[in-house]
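Accompanying notes for the structure given below.
Quick note: the coordinates plus some simple rules give every number you see, no bench work behind them. Not measured: the values here are computed from a predicted model. As a convention, Cβ positions derive from the backbone with ideal geometry for all residues, glycine included, and neighbour counts pool all protein chains shown.
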Protein chains: 4
Amino acid sequence: MSYTVASAVEDPDLIQKRRKQIVDAATELFAKDGFFRTTIKDIAKLAGVSPGLVYQYVTDKDDVLLLVLLEVVEAYARELPVAIAKASSPLDRLVAAISAYCHIVDERRAATVLAYRSTKSLPKHKREIIQRGETQTNQIIADVIQECIEGGHIRDVNPELFAYQIVMNAHAWALKAWHLKTICTLEQYIDQSVSILLRGVLTKRGEAELTGR
Amino acid sequence: MSYTVASAVEDPDLIQKRRKQIVDAATELFAKDGFFRTTIKDIAKLAGVSPGLVYQYVTDKDDVLLLVLLEVVEAYARELPVAIAKASSPLDRLVAAISAYCHIVDERRAATVLAYRSTKSLPKHKREIIQRGETQTNQIIADVIQECIEGGHIRDVNPELFAYQIVMNAHAWALKAWHLKTICTLEQYIDQSVSILLRGVLTKRGEAELTGR
Amino acid sequence: MSYTVASAVEDPDLIQKRRKQIVDAATELFAKDGFFRTTIKDIAKLAGVSPGLVYQYVTDKDDVLLLVLLEVVEAYARELPVAIAKASSPLDRLVAAISAYCHIVDERRAATVLAYRSTKSLPKHKREIIQRGETQTNQIIADVIQECIEGGHIRDVNPELFAYQIVMNAHAWALKAWHLKTICTLEQYIDQSVSILLRGVLTKRGEAELTGR
Amino acid sequence: MSYTVASAVEDPDLIQKRRKQIVDAATELFAKDGFFRTTIKDIAKLAGVSPGLVYQYVTDKDDVLLLVLLEVVEAYARELPVAIAKASSPLDRLVAAISAYCHIVDERRAATVLAYRSTKSLPKHKREIIQRGETQTNQIIADVIQECIEGGHIRDVNPELFAYQIVMNAHAWALKAWHLKTICTLEQYIDQSVSILLRGVLTKRGEAELTGR
DNA sequence: CATGAATGAGCGTTCATTCAT
DNA sequence: TATGAATGAACGCTCATTCAT
């Protein structure tokens with residue numbers, strides 16, 4: 001997930017501190033009002049700095065968005081492996097992945113929606129940085145799937161594709177929260193997701209394994 | 001799907017004709033450049049009318065977006081029932097729904113992505129009009145699911161929730177086309193979708209029914 | 001002196017009218033405060049239009065400057081031939097050129113100074129448009145000089161170079177008006193200019209010709 | 001050429017050293033990019049100091065310009081007398097002045113152009129400091145002219161005015177270098193300048209004197 | 001003395017919207 | 001009805017200047 005956003009300031013600690021202020025404020029405002037309706041002045045004000053200050057840590061308004069989306073993508077890449085690591089068997093890892101992804105999304109609903117709304121507002125090059133990050137996170141899930149296939153726990157589906165279905169299923173919780181929240185809780189959503197997504201691919205052995213508990 | 005977008009012009013035929021010009025142009029441009037980067041002038045030019053003319057058929061730039069999204073939502077509501085009607089058994093209807101929805105999405109990839117990006121740019125009231133339309137379309141699928149459950153073809157899942165999973169699965173084809181297109185064709189995508197989503201919920205009877213052919 | 005400054009407005013009469021308003025206002029302000037200290041808003045206000053209007057007739061602030069300088073350069077190209085045409089002999093034409101150029105400069109002192117201050121503020125390409133116009137005007141004088149040389153009225157100097165000296169001598173009246181005005185009138189300036197510049201190059205015949213009157 | 005640019009620093013040696021750094025850098029940048037397009041940061045960086053440091057030796061950005069222009073004007077005042085002193089007769093001194101001024105200009109073409117572009121950017125008071133310096137340098141030439149007149153070498157022209165013509169003739173070499181350089185060398189330029197400017201004012205005696213060699 | 005992060009006023013420019021024709 | 005010129009508020013961004021360290 002390599003990227004560099006240029007800054008006029010040298011001190012790395014200061015850069016980190018200021019960028020956090022800016023990104024936090026921007027995330028909140030972008031999520032609430034959208035990228036285009038949010039002004040740099042709004043962000044600066046909420047971050048408690050001057051508008052000019054922002055441009056010492058960022059080249060563009062685009063860059064602010066990039067930083068915000070990067071933060072989201074990195075949070076996924078950071079938290080998902082941790083959740084998976086707790087499970088010991090391949091199948092448990094897969095269940096954990098489905099469930100964990102939904103939880104991570106739930107914690108960052110606004111930011112996840114933002115990613116869908118705004119990634120395309122980024123110039124091609126910056127957009128690709130985000131997409132690369134996304135693909136890498138998906139790969140983590142695809143690897144678990146691959147492992148399950150090789151272990152004979154689930155049948156031979158396209159791992160990448162299945163990973164995408166799991167991811168999209170989780171994202172749906174954020175994208176359609178306005179409605180889903182009216183018909184079920186997060187835990188119910190996860191249960192039905194696991195039950196449908198997983199049962200659709202389990203082998204006999206996998207099935208036995210899962211119900212044996 | 002009731003809504004009214006005010007117009008200064010009286011003649012309903014003219015309103016329809018002009019709005020079609022405007023909406024067609026806007027759909028193309030919004031999809032390509034996004035709502036905020038598209039100007040009323042751009043739309044007018046592509047529609048072959050003057051910028052002032054637009055405001056005789058629309059109150060706002062927002063209104064243009066509303067009209068565009070309404071058109072998308074209505075297309076779903078129009079085409080989905082047709083596709084389902086061709087199938088004779090409940091289970092076939094469900095398979096048809098999953099497949100048809102993917103096809104409809106594929107034909108309107110840009111517009112579907114647009115809906116995700118831009119619905120939130122609408123003021124609350126207008127946004128709800130769109131969401132209402134979406135919910136109605138989902139209901140069509142939920143009804144098919146309900147029918148399958150009652151017929152004992154699939155087990156007792158939450159119909160609304162399952163409908164959402166089917167819808168999101170289709171939308172994913174548009175939202176992640178940039179990557180999915182690199183790993184499979186639409187038909188492969190549909191196959192794996194049906195296979196996973198459906199197998200996850202089939203009852204013994206449903207299973208027999210499906211493999212019996 | 002070909003050039004085109006793009007305009008969003010179609011009607012040529014309107015373009016001409018508005019551009020005149022804008023250029024007149026800009027010329028006054030640029031001359032008084034300089035290009036960089038003058039804002040588009042200042043220009044618009046003095047021209048009696050809105051700031052946005054300016055950008056319907058001009059692409060850039062640079063373009064305003066280009067238009068202003070073009071007007072100056074064209075005024076030279078327009079008025080100089082007229083003044084020269086009145087004289088019947090080559091030598092008279094040369095005297096007329098020296099004198100006329102000074103008068104033209106005097107009438108546009110501010111604009112002439114502006115050209116010296118600001119031409120370099122133009123991007124290379126636009127700058128060259130101006131320089132081309134300047135060179136063309138110089139050529140008019142160089143031609144008269146050539147004619148005088150061929151007629152044996154003045155000795156064999158480099159016509160282009162001598163033309164430049166005549167031009168610079170006139171420009172000096174604008175560039176150093178702050179001081180020259182304290183030591184002589186325009187007519188005195190012209191007299192001494194003619195007397196020095198011309199006497200320095202006259203042949204015997206030319207001398208006789210001139211003093212014979 | 002009295003002037004004082006205030007400084008927060010006391011040590012005169014340091015002031016001189018720092019100001020030289022600043023002025024050297026500023027001269028280069030102003031000449032290349034113009035006063036307004038050059039930022040204090042640019043200057044500081046090229047001078048190898050911090051932006052804040054600049055403001056310890058200067059009150060204003062204007063002040064930097066003043067210092068730069070002062071340096072130019074002083075260079076003229078310093079070098080011209082030296083060149084003249086070498087000549088022994090009044091007429092030789094006049095020829096030397098014309099020639100030397102052109103050489104001095106040639107060595108500082110960029111700075112000379114800068115003076116024309118930017119002097120007016122100075123507030124009235126600071127501008128007058130520069131103009132005073134300029135006038136003093138001109139006086140040096142005017143004095144030589146006066147001497148020539150009194151000695152009967154040249155006829156009775158307005159010394160100040162003639163001095164201006166000589167100065168402008170030299171400045172032209174810088175101002176119009178973009179074109180003059182394409183038609184002659186500096187030496188050719190000087191030759192034609194001397195030949196035209198001088199021959200225009202020589203008395204019989206002066207003429208004899210000059211051709212006698 | 002020197003640094004460089006921080007400020008904030010102000011500029012060029014865009015564009016939704018209006019309205020005379 | 002339709003046009004398109006005109007408006008002006010608002011935005012992204014720059015940079016001279018200040019000041020705590």
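Summary of values
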item	result
Axis-nearest residue in chain B [Cβ, rotation onto C], distance in whole Å	B:G52, 4
The stretch B:127-202-the stretch C:1-45 distance, computed between alpha-carbon centres (Å)	60
Helix-only [θ]222 nm of the protein assembly as shown, DSSP H runs n ≥ 4, -39500 (n - 2.57) each, per residue, nearest 500	-24500 deg cm²/dmol
Per-q log10 I(q)/I(0), chain A, q = 0.09 Å⁻¹ (Debye; single scatterer per alpha-carbon; no solvent)	-0.42
Per DSSP, loop trypsin sites (Lys or Arg not before Pro) in the stretch D:1-100 with at most 13 further Cβ within 10 Å	D:R37, D:K86
Other copies of A:K17: label-to-label distances in nm, shortest first, labels 7 Å along the beta-carbon direction	3.4, 6.1, 6.7
Radius, Kirkwood style, for the stretch B:11-119 when every pair of distinct Cα atoms is counted (Å)	15.1
Span per principal axis, largest first, for the Cα atoms of the protein assembly as shown (Å)	130, 71, 40
Angstrom value of the Kirkwood radius, inverse mean 1/r, which spans all Cα pairs in the stretch C:88-163	13.9
Relative contact order computed over chain D (Cα-Cα under 8 Å; 6+ residues apart), in percent	21
Cleavage-rule hits, GluC sites (Glu not before Pro), the stretch C:1-86, DSSP coil, Cβ neighbours within 10 Å at most 14	C:E10
Mean Kyte hydropathy of 0.0 or more with a Cα span along the axis of at least 24 Å, helices from DSSP in chain D	D:61-85, D:90-107
Check: chain D dipole with +1 on Lys, Arg Cβ and -1 on Asp, Glu Cβ, in debye	560
Relative compactness, the stretch D:99-139, computed as alpha-carbon Rg over 2.2 N^0.38 Å	1.25
Amide H within-cut-off set for A:I154, under 5 Å, with H built and near neighbours excluded	A:I149, A:T203
Label point 7 Å beyond Cα along the C-beta direction, distances from C:K41 to other copies (nm, shortest first)	1.1, 2.2, 2.3
Calculated over the stretch A:138-213: convex hull of Cα atoms, volume per residue (Å³)	91
Kirkwood Rh and Cα Rg combined as Rg over Rh, evaluated for the stretch B:8-58	0.98
